[in-house]
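> Mind having a look at this structure? Questions to follow.
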Amino acid sequence: MSAVFLGRFGTWVNNTKSSSRECDDELEMASPVDQGDDLFESLRKTDEKKLEEKVKALAEKEAAYNEKAKERLMDLIGSNSTLPVTISSIRLIGAKHTRRSFLDRLFNPILSANRDAPYTLSEALEQVGSAADRLRKFDIYHEGISMFIDRPSPTDPSSTPTDIDVYLQARERGRISLKTGTDLGNVEGSAYGELHWRNIFGGAESLNLNASAGTRTRSAYQATFDTPILSDPDKRVSIDALSSSTLKPWASHEEALKGAGAKYSWATKSGTTHQVGYTGIWRQVTGLAANASPSVRNDAGDSAKSSISHTWVADRRNHPFIPTRGYLMKTVSEIAGWGPLQGDVAFWKSEIETSGAIPIPIPGIKGDSGVSFTAGLRAGMLYPLPLGFTASSQPSRINDRFQLGGPTDVRGFKIGGLGPRDGTDALGGDIFAAGSANLLIPFPRVGKDTPLRLQLFANAGRLLALKDRGGNTQRSVSSTIAQLGDGLPSMAAGFGAVYAHPVARFELNFSLPLVMRRGEEARKGLQFGVGINFL
Amino acid sequence: MPPTNSAQDEDTTSPQTSFSRQTSRVRNFFSVPAPVKTLFNSVPILTYPPNELPQRAPKSTRIPILYVFSTKEDAAAGRPSFNPSCLKWQAFLNIVGINHRLASSNNHASPTGSLPFLLPASTSSNASPDGVKPITSNKLIKYAKDHGAVIEEPTNMRHEAYQSLLDHRIRSAWLYTLYLEPKNFSSVAYPLYISSISSNPLVRASISYQLRAAAEAELLKHSSIIDTDDLYSEADKAFEALSILLGNDPWFFGHEKPTLFDASIFAYTQLLLDENMEWKERKLCRALRRRENLVQHRERLLVRYFGGP
């Protein structure tokens, strides 16, 4: 609740404010008057100082009065919290383009006409407050939706003695906004232009058109239409279409994507988010480099993927980039091409990511030392399935396999540096596991309140391709998983600096590879990483 | 002349050495300091053998592989490809006796963007960190010569003229009859070129459109309109000229063994006369069938180098 004024008591607060101004006029008349020529100059000189002092005193008095008014209102609400009230009407002022039916679904349940029992004042304020919160989540109004409560006139025949009217005041945001700028993703920079059309049909539907070009994504065009379901900001349906062309220098080719999909996402009360969606994509491996390996030449060409995916995220960290407390759990599952889905590829792909952070108390430093230990684990599996209604499954393609290694992944290795390789091309793998342990220490002179940290890390990973077990998929998957523990995983360790900018996390690390497989590409020495999602 | 040259060289060497001195100074500044270098040399501490490749990766072979447009079964059996430029080089390699295997592929795999290309055998002699370099069709003759083939260079001056007949008149008629004749497109081109790419109908529709637009653009390069009667009559005249050129000889230009020119002719005659192609609009096929010696030329090559029909 940003501002609450009770009608009668509002005027009383104003009266006290005007009386303070009368006192100040008296003070001015009582100031001393000097004689002679110095009069003008002395007035000019002291005027500024006295003006400053007066302004300060005024501001302090206003702040003090506001504090007192707030306290009085809190007392008033507190003492009247069990006052039985009925909400007779809710009015939203300033929402010209919002649909009536959309707001009806949001506010009808709160109106007393639709409830059997009367509210207490505190309950009523809570309900209206949560409705205002939901309005805010739709992102079609500016920040600061204020709520006013008034009693309807007793002469109105439709009102009862316990009735209150609720007024919500909001300012609608501009419906069309055009943005251009630069963006930072995981190890990529891009420039983009974006058109955002808000509240198209009056129910917080939005259309987003995005065109971008970057260091790795040569061009990407995306259109997304998003709408909340049943006036609930936590339940959204979106339809999107995408056309992009991305360079993959670690595998000597360029991948062109064209596709469309529909997604439904919802958030539970505890803050976890789910998203279920269908995507149909046409992928093309093209633009092979002159020294592309035979394995990549074999996988060149077109393939269509039709899949259903589910994403679940529970993020309970206290900071997305340098967490000191909490944990993150995320799973992404995708099933493609099986049964009625059709397409050219069929598999079950599942990826799980967890990370946790704990603060480390240092003996001798009181309170939060700023030192924290974070650990992360990622694992994934690609299980081939029979395509459509056929009987046998096909081996995986390079478009679908996992890649491992890079400054945001397993540090100390080049992008796609781990896993099976043919020549210099990273072919990707079907099963992987990677883990990392980092110690974040605030710099000694700078302190723990800045977003800068010193980092000591060690991380390891293993990426494997499915073995050939004569068509028996289950045996090949289980024997490949067993191979994950065969010998030490490829690992690297080092130290560096981390900077948590509000946009992304920047890292500069000095690392050395300790264990590797022949062919895997490690980066000895300095490595720079920018990204959102680090292991 | 030589003394002045050397004087010039002396003049230019002194600024060069100061430049090279400057570059070496910059290089030393950015190079890794010695203690760090010894550290880098001592890692990684443990190196395991390399990871196994995924199942779709081709196994390295001792025989070179020619990537052509073909079905998987036909490629495994060594049967002729259904694309004229691929079939020309496939026949050529068979004629000069270069042992090779076939692999079915598409245009995206090729370094030049069009098939065929050859991946030489990965022997230990040419194992390089970059891997084997693919040989595109314009370098295949040199490759064949390097591997012991005896190739007769075309000596006849009329060779250029007849080659242009093939490349322009017959090729244009071929493009029209395969891609722009609706009945032929759906019965010949669609199953061969489009169905094998993807099973998704939207992808197939998009690729059909692209293929037909590309064929039309290619035809419009040579003339401002596409006149079907004109195209067919020109192709008929070209077949007549080739038939007269062959006469009663077994191979063109009176050679004892077939040459690249024979392979080029075979590329079109085989595809037009093959019953398995299931042509619906047979105007071009009939025009070719009227020339008996071209039909026999095709059968001769088919029996000798492809193991019969």
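FYI, it's all coordinate maths here, none of it is from the lab. Predicted model only: the values in this text are computed from it and were never measured. All Cβ positions, glycine included, derive from the backbone under ideal geometry; neighbour counts span all protein chains shown.
> So, counting K/R as plus one and D/E as minus one, what does the shell of residues with Cβ under 9 Å around A:D302 add up to?
Working: positive: A:R283; negative: A:D344.
Charge balance in the 9 Å sphere: 0.
> Shifting gears a bit: How much space per residue, in cubic angstrom, does the convex hull of the C-alpha atoms of the stretch A:351-435 take up? Let's see the in-between values first.
Working: hull volume 10.0 nm³, N = 85.
Output value, Cα hull per residue: 118 Å³.
> What angle do you read, to the nearest 10 degrees and between 0 and 90, between the alpha-carbon axis of helix A:121-137 and the longest principal axis of chain A?
50 degrees
> For the stretch A:168-173, in order, what is each residue's ³J(HN,Hα) by Karplus, 6.51 cos²θ - 1.76 cosθ + 1.60 with θ = phi - 60°, in whole Hz (x at glycine and Pro)?
Whole-Hz 3J(HN,Hα) from phi for the stretch A:168-173: 10, 10, 9, 10, 6, 7.
> How big is the charge dipole of chain A about its Cα centre, in debye rounded to the nearest 20, if each Lys and Arg gets +1 on its Cβ and each Asp and Glu gets -1 on its Cβ? Don't skip to the answer; put the middle values down first.
Values: 63 positive and 59 negative charges, 431 e Å.
For chain A, the charge dipole is close to 2080 debye.
> Order by neighbour count: A:M74, A:M381, fewest other Cβ atoms within 10 Å first, most last.
A:M74, A:M381
> For the stretch A:342-358, take each phi angle, set θ = phi - 60°, evaluate the Karplus expression 6.51 cos²θ - 1.76 cosθ + 1.60, and give the result in whole Hz per residue in order, putting x for glycine and proline.
3J(HN,Hα) across the stretch A:342-358, in whole Hz: 6, x, 10, 10, 9, 6, 10, 10, 9, 9, 10, 9, 9, 8, x, 9, 10.
> For A:F413, list long-range residues whose amide hydrogen, built 1.01 Å from N in the peptide plane, is under 5 Å from its own amide hydrogen.
A:G406, A:R523
> Also: Under 23 Å between alpha carbons, and skipping anything fewer than 8 positions from A:K68 in its own chain: which lysines qualify?
Hits, sequence-local ones excluded: A:K17, A:K54, A:K56.
> Counting other C-beta atoms within 10 Å, which of A:E254, A:E205 has the fewest, and how do the rest follow?
By the 10 Å Cβ count, ascending: A:E254, A:E205.
> Past 29 Å, Cα to Cα: identify those pairs from A:K49/A:K448; A:K269/A:K448; A:K330/A:K414; A:K179/A:K263; B:K142/B:K183; B:K72/B:K139, in the order given.
Result: A:K49/A:K448; A:K269/A:K448; B:K142/B:K183 exceed 29 Å.
> Once the convex hull of the C-alpha atoms of chain B is built, how many Å³ does it hold per residue, rounded to a whole number? Display every interim value, and only then the final one.
Values: hull volume 84.4 nm³, N = 309.
Dividing the Cα hull volume of chain B by its residues yields 273 Å³.
> What is the distance in Å between the Cα centroid of the stretch A:489-535 and that of the stretch B:25-49?
17 Å
> May I ask for the angle, rounded to the nearest 10°, between helix B:201-222 and the longest principal axis of chain B, with both axes built from Cα atoms and the value confined to 0 to 90°?
With both axes taken from Cα atoms, the answer is about 80 degrees.
> Classify the stretch B:40-92 from the C-alpha gyration tensor, please: rounded if a/c falls under 1.5, else prolate or oblate depending on whether a/b exceeds b/c.
Note, shape of the stretch B:40-92 comes out prolate.
> Can I ask one more? I'd like the orientation of helix A:473-484 relative to chain A: the angle between its Cα long axis and the longest Cα principal axis, in ° from 0 to 90, rounded to 10.
With rounding to tens, the tilt is 80 degrees.
> Which value in deg cm²/dmol, rounded to the nearest 500, describes the helix-derived mean residue ellipticity at 222 nm for chain A, given -39,500 (n - 2.57) per DSSP H run of n ≥ 4 and division by the residue count? Provide the component values of the computation, followed by the final result.
On the way: 6 runs with 107 residues, N = 535.
Calculated mean residue ellipticity at 222 nm is -7000 deg cm²/dmol.
> Next question. Using a Debye calculation, one point per C-alpha and no hydration shell, please list log10 I(q)/I(0) for the stretch B:164-283 at q = 0.11, 0.15, 0.17 Å⁻¹ in order.
-0.44, -0.77, -0.94
> Enumerate the calculated ³J(HN,Hα) couplings along the stretch A:87-104 in order (Karplus 6.51 cos²θ - 1.76 cosθ + 1.60, θ = phi - 60°), each rounded to whole Hz, writing x wherever the residue is Gly or Pro.
For the stretch A:87-104, the Karplus-derived couplings read 8, 8, 8, 10, 10, 10, 9, x, 10, 6, 9, 8, 5, 5, 5, 5, 6, 4 Hz, x marking Gly and Pro.
> At most 13 other C-beta atoms within 10 Å and a DSSP loop state: those are the exposed chymotrypsin sites (Phe, Trp or Tyr not before Pro) I care about. Give me the longest piece of chain A that has none.
Working: sites that count: A:F201, A:F389.
The longest such stretch corresponds to A:1-200.
> Then there is this: Give me, ordered by chain and number, the residues 5 or more places off B:F117 or on other chains with an amide H under 5 Å from its own placed amide H.
Correct list: B:Y67.
> Here's a follow-up. Taking a quarter of the surface of the convex hull around the Cα atoms of the protein assembly as shown, what do you get in nm²?
On the way: hull surface 257.1 nm².
Convex hull of Cα atoms, orientation-averaged projection: 64.3 nm².
> Right, another one. Kindly provide log₁₀ I(q)/I(0) values, in the same order as q = 0.27 Å⁻¹, from the Debye equation applied to equal alpha-carbon scatterers of the stretch A:460-535.
-1.20
> With the convex hull built on the Cα atoms of the stretch A:220-283, state its orientation-averaged projected area in nm². Mind dumping the intermediate values first?
Details: hull surface 22.5 nm².
Over every viewing direction, the Cα hull of the stretch A:220-283 projects on average to 5.6 nm².
> Okay, next question. Determine how many Å³ per residue the convex hull of the Cα atoms of the stretch A:102-237 encloses. Spell out each step's value before the answer.
Values: hull volume 19.2 nm³, N = 136.
Dividing the Cα hull volume of the stretch A:102-237 by its residues yields 141 Å³.
> Which ordering of B:T228, B:T23 is given by a fewest-first count of other beta-carbon atoms within 10 Å?
On the way: B:T228 13, B:T23 10.
Exposure proxy ranking, most exposed first: B:T23, B:T228.
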